[in-house]
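Contents: one structure, followed by commentary.
Just so you know, all these numbers are worked out from the coordinates, no wet-lab data involved. Source: prediction; values computed, not measured. Here the Cβ positions follow ideal geometry from the backbone for every residue, glycine too, while neighbour counts run over all protein chains shown.
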Amino acid sequence: TGSAPLKDVVGRRSGSLLGGAATSTGKVGNALVFRNESDAFLVDRGFKFDATQSWTLLFWAKVENIGRHTLCGLATADSTFQESEIELGITASGKLFLNQAGYATGAESGSGSVWPPGGAWTHVAVVYGGKINGDLLFYINGDLSFQVPAVEFLYTRLPLVCGGRIVAVPAFGRAAGKLELDELRWYNIPMSGADVKTISAAADPTSDKELQAFATLGNRLVRASSGDAREFDIPSLSWSTTLVFETLPSDVGFNAVGTEWRITNRANTRAELITPTQQYTKVCWEREGRMAEAGTIVFRHASRLSEAAVYITTEEWRKTAPFILTFQTADPTSGTGKRYSEAEGTMTLELSFLDTDRFDIMHSSLDSTFGTEILANVEPSDGMDPPSQKLCGEMFRELWSSDPEGGFPMPKGCTNRKTSSNVREVVMLFEPRNGLRAGQTYHVVMNGWATNSFNKDVEVIMIQAGDDVDSKRYDIHEVGHAFADKDFQIGGSLNDPRFADSDGFELVDE
């Protein structure tokens with residue numbers, strides 16, 4: 001009672017029990033128990049939770065009586081549903097819902113399958129694809145209950161709250177009895193349906209041992225009866241043929257449990273790995289929903305471009321006007337700066353417009369109609385069309401550099417594609433030895449427009465400078481995060497105050 005602390009046994013987020021919330025025997029070990037709207041579990045220590053990024057919320061729930069329940073959400077735990085706060089719960093009719101105050105997510109009315117009756121433990125999973133994907137999926141006992149496309153949450157960083165204290169409406173409504181939650185987990189990735197199904201059906205939901213280093217493999221290797229050191233059998237699969245290595249694998253050994261195979265390997269993938277946070281990211285082998293850790297990822301952070309910003313020339317929604325993107329490259333004497341002069345391959349400048357539903361580019365006035373959208377197909381993450389100089393002219397109004405010798409380098413071509421439904425990637429490609437230079441300021445002028453969902457506090461464009469698109473496709477050595485200098489607003493209309501049509505405004509000499 002009061003504010004009893006509870007420790008996060010997996011990550012770095014810990015919380016407290018508020019009101020009369022308590023623990024009791026649950027599905028696995030102890031569970032959280034809530035009996036009225038003043039009971040809550042608040043996770044307010046460690047990293048805050050960002051609803052705009054991709055995430056998965058998993059837990060087991062036991063509802064004594066079907067009725068209006070608050071399950072979990074992102075809030076301040078003061079029982080006042082304030083703007084940007086999120087509530088996940090069960091409607092009076094027993095359907096899952098999720099709503100964000102001040103912004104309709106499309107899932108606030110409840111939908112999908114009805115909560116199983118009988119007061120049994122039920123597995124709940126809510127998966128959000130993030131601003132790149134936007135799909136919000138609800139699972140009950142591993143099965144997809146319903147899906148809401150194109151959900152966009154307001155940016156917020158709030159604690160996780162479960163049980164109550166999110167809305168002024170009683171968390172338990174007319175439902176008499178208690179609510180129990182167990183195995184509460186938040187992942188900073190959008191889990192697949194197979195992942196959710198596997199976790200909900202696991203015999204031991206608390207076990208993370210299959211994710212630990214040097215775990216016992218599910219299919220044990222034994223030496224083949226032939227006596228050849230290169231031959232092995234896998235008895236659990238009852239293979240009709242023997243597994244034969246071309247050469248003797250010196251790193252395969254045996255212990256009392258079975259085979260232990262430790263090997264250092266290097267994977268080369270042309271797929272992009274996207275994760276909002278890096279500390280819990282692992283590389284795993286996956287087969288039929290079962291996973292085992294294959295290794296870890298070491299993140300090497302690119303250096304930051306300085307003075308990255310977007311300067312807007314109009315503040316009116318849905319009005320095409322020029323904007324200026326600025327950035328400055330690294331000092332030429334630094335290690336990062338030297339890479340510009342040492343680059344031997346085709347250099348690149350990549351501009352990623354992170355949410356084209358909020359802000360997007362339009363055609364320049366060259367060879368096309370001013371103020372029209374530039375179309376692009378959604379392509380795979382490693383796809384790239386042949387560069388076109390004509391496309392450069394259609395997208396860029398002006399290119400400027402402080403470099404007194406080379407100016408802004410002439411691109412040999414540009415590409416334009418959508419990496420998702422609302423993320424646009426524009427790439428300039430430069431001839432070898434004729435790309436960006438260190439220690440210079442660059443201005444890129446394009447036409448663009450914004451919608452009423454634009455927010456200057458949210459990153460608009462990610463800038464990436466690369467030094468060899470052929471051999472170092474994803475080895476970006478400088479990156480910039482550009483935010484706009486101002487917000488947009490609705491423009492004037494015929495009903496707004498204005499000068500008279502005749503003699504309403506006159507310029508005179510001083």
Can you give the extra length, in nm with one decimal, that the chain gains between Asp385 and Ala201 once fully stretched, where that is 0.36 nm per residue apart less the Cα-Cα distance?
-> 61.9 nm
Full extension between Thr451 and Ser93 adds, at 0.36 nm per residue less the Cα distance, a length in nm of 125.2 nm
Full extension between Ala168 and Glu398 adds, at 0.36 nm per residue less the Cα distance, a length in nm of 77.4 nm
Quick one: if the Förster radius is 51 Å, what FRET efficiency do Asp357 and Ser225 give, using the C-beta to C-beta distance and rounding to 0.05?
-> 0.20
Return the lysines within reach of Lys48: Cα separation strictly under 16 angstrom, same-chain partners fewer than 8 residues apart disregarded; answer none if there are no such residues.
-> Lys7
With +1 on the Cβ of every Lys and Arg and -1 on the Cβ of every Asp and Glu, the dipole magnitude of the range 309-444 about its Cα centre, in debye rounded to the nearest 20, is 80 debye
Distance in nm between Phe505 and Thr25 label points, each 7 Å along Cα→Cβ, equals 7.8 nm
Taking a ≥ b ≥ c as the square roots of the eigenvalues of the Cα gyration tensor, with a/c under 1.5 meaning rounded and otherwise prolate when a/b exceeds b/c and oblate if not, the range 447-510 is prolate
Between Thr333 and Ser420, Cβ-based FRET efficiency (R0 35 Å, step 0.05) works out to 0.35
Long pairs among Lys197/Lys282; Lys95/Lys282; Lys62/Lys197; Lys319/Lys472, criterion Cα-Cα beyond 29 Å = Lys95/Lys282; Lys319/Lys472
In sequence order, what are the phi-derived ³J(HN,Hα) couplings for the range 55-66 according to the Karplus relation 6.51 cos²θ - 1.76 cosθ + 1.60 with θ = phi - 60°, rounded to whole Hz, with x for glycine and proline?
-> 7, 9, 10, 10, 6, 9, 10, 10, 10, 5, 9, 5
